[in-house]
Every structure is written in C-alpha cells, then in structure tokens.
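Below is one structure, written out as structure tokens; the observations come after it.
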C-alpha cells in the first residue's frame, strides 16, 4: 500500500507545488519521493501484503522488485532530462503526467485481478497520449499523439474483449479462482479465444510485430525525452505485467500458446532489425531497436515459468538504462544541430563532448550485446533460457539478428569518432554530467552483478 500511495501522491504533490509557486523545489521533491519509494521497497522486502484486503493487488517479492526497478528508471529519467524543459508550469504538468503514468506501472506489476490489470494499463497509457503530443509546435508530435491515442484505444478494446471472454468462460476476475478455473477447463474454446485476444492486446502495448506498426511514427514524433520514458519505464511495466499474467492464472494453458509467442518473437526480431538497418534517422533507428528488444523480452516471458522472473527483471533494468541514455544523448545532440537526427549529426561528438560520446558508446554496445556491458549478459540469459526449452531455431535467430543490430549501432559509434572541422563544444550542466557518468558505470557494473539476478526467484 505504501508503494502505491507514494507514487500517486508524488504526482499530486508536484501539481500542488506548482500552485504554490514552489517550482524550484519540484525536482528535489520528485527525487526525494522516488528515492523514498526505493527505500520502502527495500524495507518491505521479504514480506507480502494485500493493500486493499480484497485480492485486487499483492505486494509480493516480484511486485516489490519490479517497483524498485521502475522507480530507479524513472529517477534516472528525471535526472538526465532535468535541463530539457524550462522551469515553468509546462514542465510541472509534464512531470506530473510522467509520475501518474508510473503509478499505472506500479499497479500493473502488482495486480491480482483482471479488472485491476485493465485499470493499471489505462492509468499508464492515458497520460502518455498527452505527453506524446506535448510539443504543440511540431506537427509530427500532434500526428504521433493522434496515432497513439487511436491505436491505443483499439488495443485496449481488444484487451477488454479478451477479458470479457475469459470472464464468460470462468466466471471470475480473481487470480486464485481464475487459475483453478483455467486448470479445470484447458480445452474451453471461449477461454482460449479470450487469452489469445488478451495476448494480442498486450502485443500492441509492447510493440511486438505484427502489432508494432505504430511505434516508429509515435517514437519519432514524440519529444525525445518522452520517447526515452516510453522505451524504458512503459515498456518494462507492460512486459512485467504480461509476465505476471502468463506465469500466474494462465500458466496451465500457456503451453498451447508457446508456438504463437515464439512466432511473434521471431517476427519481431526479423522485421525490426532489418528495418533499423536501413534507417537514416537515428531516432527512428532507435525506435526499431526498441522493437527488437521487445522480441527478446517476449522470449523472456515465454521461458519465465522455467527460469523465473529474475532474468526478465535484469533485462528490463539493463535495457531501460541503455535506452534512457541513448535517447537523452540524441536529444542533446539534436538540440545543438537545429533538430537534425541523422547519423551525420553525431560526427565529431567525441571532441565536442567526450562524456556524451562515451555514454552513447557504452549504451549502444550494451544494446548490441557486447561484453563487458550488461546487455551482453541480458541477451545471454534470454538465449540460454530459449535453448533450455528446445527452441534452438529461435536462439539462432536471436544471435543472427543481434549481428545485424551491431551494424546499425556501430554506424552511430563510427560517426561519433569521425573527425569534423570547426565542431563547437556541447556543454552539460552538473546534474546531467554526473548522471551520464553514473549510468555508464551502471551498465558495466551490472555485467558483473548479473549472477544475482539470474538466481533471483520468488
């Protein structure tokens, strides 16, 4: 209960501070609140509580670990984007929307009732419709907001229809009763249709192919800082929620959907990497890269019943850090290049600001899966889990598509280390400067700390 109260009251407090004209204190307030949220997770570790006493949510070890990761990623996002908005009311509104969206993610990783799951998805998504279209002077942002709202509504409708079919087949929304009913009626056609529709709705939310088509346009049109939040916190929250569903009440019938999920993961990997390789816009390339990592995360959900949640948590954390870093660097570079986001915009970055170039290099190498970056261990754990389920063909495909990924990541790195004449300096303020250093170190430290996550189980 404390975790949910902190996350929700933090967004309300930001709006209150704006009304009281205490805008300079908003960022310290947010940082203190998110640190307090992580501290509460640590204090509550090893316990399991039912916040409302009616089996709607369960703050167990999995939920607490997920909330801790989401809070850390959100804290990193606030720190690294702290100078991206002027200190005025508009920044306050955006900060509050981000915190309300994170509250939806907190609900999503702790729900034990399908009604609460749908409520969490909507709390997560509705603020994003505003955030995506928040750059009102940019037609691409307005277009992205409309697309995201329309397709998000379609995905929610599909998900809700699936929930209705599952309820019609089982007569309950509660996880405990639902798990027993599913185990007793594994051949029920209505139940299978409902689960398939729910998985399709989640596939829209996590941008898995062939439901990914909204992602490149929405990511490109959104303000880059918002894209960083969507590709890290939002994606992690959606996948962690899907894991709770597939390894919980639906675990008895998930064997029948393994081939479908494997096909979605394979299609996601192939389509996203091939499309990313031909992009000329770095932001659009990173959007397709985000889709490719959705393929790995989907494979992590598939094998979660055997390997446990630790691997998915580890991948969510490592990819989230790398994604926030890469989009933040892109935002800074493009702001000094009159909005240009092509590969040439990164030429000579190592001389313009070595810290930015170093952070971007480490983030891209981590996403490519190059040791000693944490992304290598994240991909290794996922591929090992897939091999243990005898889907060697999917593991081989993961390796091959990762090689393609190295190509488009290295294009950015090569551009950053390519000399350019009369390149001006890029300046960073103190907080951003130290945040880039911290995130870069974390991507290396987590490589050596990966064993802890591999054995993490609940």
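Every number in this text was worked out from the coordinates using simple rules, so none of it is lab data. Computed from a predicted model, the values in this text were never measured in an experiment. Using ideal geometry, Cβ is built from the backbone for each residue, glycine included, and neighbour counts are taken over all protein chains shown.
What to note about this one:
- The gain in end-to-end length when the residue 115 to residue 43 segment is fully stretched comes to 23.1 nm, 0.36 nm per residue minus the alpha carbon separation.
- Computing FRET efficiency as 1/(1 + (r/R0)^6) for residue 400 and residue 184, where r is the C-beta to C-beta distance and R0 is 35 Å, gives about 0.25.
- Compared with the direct C-alpha span, the chain from residue 251 to residue 274 gains 5.0 nm at full extension, assuming 0.36 nm per residue.
- Residue-averaged [θ]222 nm for the chain, counting only DSSP H segments that reach four residues, each worth -39500 (n - 2.57): -24500 deg cm²/dmol
- Where only alpha carbons of the chain are counted, the Rg and the Dmax (Å): 21.0, 71
- In degrees, nearest ten, helix 175-184 long axis to first principal axis of the chain (Cα): 60 degrees
- Mean Cβ neighbour count within 10 Å, used as a protection proxy, ranking 57-64, 317-324, 445-452 highest first: 317-324, 57-64, 445-452
- Spin-label model distance (nm) - residue 35 vs residue 448, 7 Å beyond Cα toward Cβ: 2.5 nm
- Per-pair calculated FRET efficiency, R0 = 45 Å: residue 20 and residue 393 via Cβ, rounded to 0.05: 0.15
- Exposure proxy ranking for 427, 117, based on other Cβ atoms within 10 angstrom of each Cβ and starting from the fewest, stands as 427, 117.
- Principal-axis tilt of helix 430-448 within the chain, Cα atoms, nearest 10 degrees: 50 degrees
- Considering segment 314-451 at the alpha-carbon level, its Rg and Dmax are found to be 16.2, 55 Å.
- The modelled label-to-label distance for the pair residue 306/residue 407, using points 7 Å beyond Cα in the direction of Cβ, is 3.1 nm.
- Theoretical gain in end-to-end length, residue 52 to residue 340 [0.36 nm per residue, Cα-Cα removed]: 98.7 nm
- Neighbour-count order for 77, 45, fewest beta carbons within 10 angstrom listed first: 45, 77
- Degrees, to the nearest 10: 235-246 long Cα axis against longest axis of the chain: 10 degrees
- Taking 7 Å steps out from each Cα toward its Cβ at residue 161 and residue 414 produces label points 4.6 nm apart.
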